[in-house]
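The values are calculated or read from the model by the stated rules, or taken from the named source; none is laboratory data. Source: prediction; values computed, not measured. As a convention, Cβ positions derive from the backbone with ideal geometry for all residues, glycine included, and neighbour counts pool all protein chains shown.
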Amino acid sequence: MSTGNALAHVDRQGVVKTLHELDNLIRPGGYLYLDSRNWDIAMKKYNRFLFASPFICTEGVRVNYIQLWDYHTDDTITIHILHAYELEGRIIRQEIFEKHLTPFSFDLVISTLNKLGLRNC
């Protein structure tokens, strides 16, 4: 079973509840695979702007990718994502996404998994 980087989409209590629910679904001898950003590092750095290197996709279209992170007083983050598609030096399309996330610590996950009797492989 895999979380697919989804745990940050719930609050901290939701992380613990989700791990308990996942534990109920794992068959004896089964595995739980956790995939997540390293929120401990992300919250220490407090990056505001993240710029990815542009890349070329189909038919020579260049894709520019920027993230803007807004940190809130309730320890949540809103990430604004901009994709700008460029062809022959002109922006031909823009896509803007917004994600509201609740960072969680590695310790919260490990302590919850330990209480459930799960071990790290």
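Look through 70, 107, 75 and report the one residue that is loosely packed, with under 15 Cβ neighbours inside 10 Å and modelled with pLDDT under 90. Reasoning before the result, please.
Numbers: 70 fails: modelled with pLDDT under 90; 107 fails: modelled with pLDDT under 90.
So the residue among 70, 107, 75 that is loosely packed, with under 15 Cβ neighbours inside 10 Å and modelled with pLDDT under 90 is 75.
Taking the condition of being assigned to a loop (DSSP other than H, G, I, E, B), without any contact (Cβ under 8 Å) to a residue 60 or more places away in the chain and either within 22 Å of the chain's Cα centre (by Cα) or under 30 Å from residue 57 (Cα atoms) (or both), how many residues in the stretch 77-121 meet it?
3
Out of the stretch 25-75, which residues are within 29 Å of residue 110 (Cα to Cα) and hydroxyl-bearing (Ser, Thr, Tyr)?
31, 33, 36, 46, 71, 73
Just need a number here: residues in the stretch 35-73 that are closer than 17 Å to residue 8 by Cβ and of a type in the set (Val, Ile, Thr).
Of the residues in that region, 1 qualify.
Out of the residues in the stretch 1-46 that are under 14 Å from residue 76 (Cα atoms) and touching a strand residue (DSSP E or B) at 6+ places or on another chain (Cβ under 7 Å), which is surrounded by the fewest Cβ atoms within 10 Å (Cβ to Cβ)?
Residue satisfying both the conditions and the ranking: 46.
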